[in-house]
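This report concerns only the one structure given below.
The values are calculated or read from the model by the stated rules, or taken from the named source; none is laboratory data. This is a predicted model, so every value here is computed, not measured. Ideal geometry is used to build each Cβ from the backbone, glycine not excepted, and the neighbour counts take in all protein chains shown.
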Amino acid sequence: MKRRSFLGKAVAAGVAAAAFPRPAIAQGKMEWRMVTAWPRGLPGLGTGTERLAKRIGDLSGGRLTVKLYAAGELVPALQCFDAVASGTAEMGHDASYYHIGKSRAMPFFTTVPFGMTAAEHNAWIAFGGGQELWDELYAPFGVKPFPGGNTGVQMGGWFRKEINSVEDFKGLKFRMPGQGGEILKKLGANIVLLPAGEIFAALQSGAIDGTEWVGPHNDMALGLYKVAPNYYFPGFHEPGAALELMVNKQQFDALPADLKAIVQAAAQAENDLMLSELNARNGAALESLITVHGVRLRQFSRDILTALGQASGEIIAELLASDDPMTKKIAQAYVKARTNLVEWTKVGEQAYTNARLLKFDYPR
């Protein structure tokens with residue numbers, strides 16, 4: 001973990017936020033600040049954090065209220081972790097794979113290519129030891145993490161040109177975080193990490209040739225279809241992207257037991273609600289993108305998916321052999337949980353969804 005780099009950024013974040021008033025504490029009431037990686041009002045991710053902040057205030061009867069700062073309003077979009085760790089903000093909301101520079105184990109708590117679905121990931125975190133490993137990973141930074149949303153399986157991304165072979169990735173300037181970006185790099189792509197608010201402009205200017213974001217409902221709000229008409233699936237890189245509510249551990253530990261429980265319950269509620277919302281809205285949004293906006297829906301070929309899967313396996317093998325004990329420990333735990341959960345998914349949901357595709361009369 002790059003502690004020196006982290007500490008330098010934390011100090012800078014603290015200085016930048018010095019002009020902002022500190023949280024109010026009066027008559028047993030507190031106001032905390034939540035920084036997020038999302039533009040204000042962005043459907044799904046942005047509105048989900050607004051729900052989460054409001055829910056904490058409502059459940060606590062106003063004893064703990066949360067003032068939300070969207071991306072760039074208090075700290076830059078990709079510096080939420082540093083802001084929470086340094087105490088610049090008491091809470092933050094983003095995705096753990098944005099912090100891969102601090103530890104290569106970070107992405108396991110968002111998603112990894114060809115990894116767990118949303119349901120499988122939730123099972124691992126809640127009942128498979130994932131939360132305990134997550135707490136252990138974040139403890140040296142003074143941050144307490146909670147599941148705080150999930151996008152479900154994502155789309156493969158927006159491309160200016162068609163991707164017909166593995167060779168088409170060579171030299172491609174593409175926005176993709178986490179291990180997904182590492183995979184495309186292995187295939188010759190140039191990877192760029194940008195927050196949501198900067199993607200459209202980069203795509204429009206040609207600074208990037210393509211991007212992944214989330215899925216139809218969220219992507220349509222960013223207008224990505226206007227400059228990259230080829231929309232690929234499946235989202236090999238994010239089978240169930242989990243988002244996180246981060247809390248400054250010192251501040252969290254100082255809360256009374258009931259407020260701790262409220263923070264945790266509010267985060268868990270949003271973890272479920274965000275996934276439900278995006279699943280409910282993605283179908284209609286995809287239809288609109290195709291029929292109204294002329295988007296070309298395309299599927300990655302079997303050869304491309306095989307090459308992507310092979311590269312993913314190589315990255316996981318590297319992590320399993322890591323010199324960093326924490327990274328190795330988390331990689332081993334994740335792989336073991338994935339292996340066990342996949343067996344049930346094959347017999348359960350996968351077998352059912354395959355059966356549902358059989359041709360038989362069913363009302364529409």
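Values for this structure:
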quantity	calculated
Residue in the range 342-362 that is among the aliphatic types (A, V, I, L, M), touching an Asp or Glu at 6+ places or on another chain (Cβ under 6 Å) and either touching a residue at least 40 places away in the same chain (Cβ under 8 Å) or not in a helix (DSSP H, G or I) (or both) present	no
Top-ranked residue in the range 129-184 [being within 30 Å of Ser86 (Cα to Cα), small (Gly, Ala, Ser) and in contact with a strand residue (DSSP E or B) (Cβ under 6 Å, 6 or more places away or on another chain); ranked as surrounded by the most Cβ atoms within 10 Å (Cβ to Cβ)]	Gly149
Hits in the range 228-255 (condition: under 30 Å from Asn279 (Cβ atoms) and of a type in the set (Phe, Trp, Tyr))	Tyr231, Tyr232, Phe233, Phe236
Wholly within the range 152-233, strands (runs of 3 or more DSSP E) carrying at least 2 residues that are aromatic (Phe, Trp, Tyr) and either in contact (Cβ under 8 Å) with a residue 40 or more places away in the chain or in contact with a Ser or Thr (Cβ under 9 Å, 6 or more places away or on another chain) (or both)	157-159, 230-233
Subset tally (residues that are acidic (Asp, Glu) and surrounded by 24 or more Cβ atoms within 10 Å (Cβ to Cβ)) for the range 57-89	1
Residues within the range 208-257 that are touching a strand residue (DSSP E or B) at 6+ places or on another chain (Cβ under 7 Å) and either of a type in the set (A, V, I, L, M) or at pLDDT below 95 (or both), tallied	9
Selected residue (only one of Ala126, Ala118 is at pLDDT 95 or above and either within 21 Å of Asn230 (Cα to Cα) or surrounded by fewer than 17 Cβ atoms within 10 Å (Cβ to Cβ) (or both))	Ala126
Residue among Thr65, Thr49 that is closer than 22 Å to Lys260 by Cβ, of a type in the set (S, T, N, Q), modelled with pLDDT of 95 or more and part of a helix (DSSP H, G or I)	Thr49
Within the range 271-312, tally of residues that are in a loop (DSSP other than H, G, I, E, B) and among the aliphatic types (A, V, I, L, M)	2
Odd one out for Thr327 among (1) modelled with pLDDT of 95 or more; (2) surrounded by fewer than 18 Cβ atoms within 10 Å (Cβ to Cβ); (3) out of contact with any His (no Cβ under 7 Å at 6 or more places or on another chain)	(2)
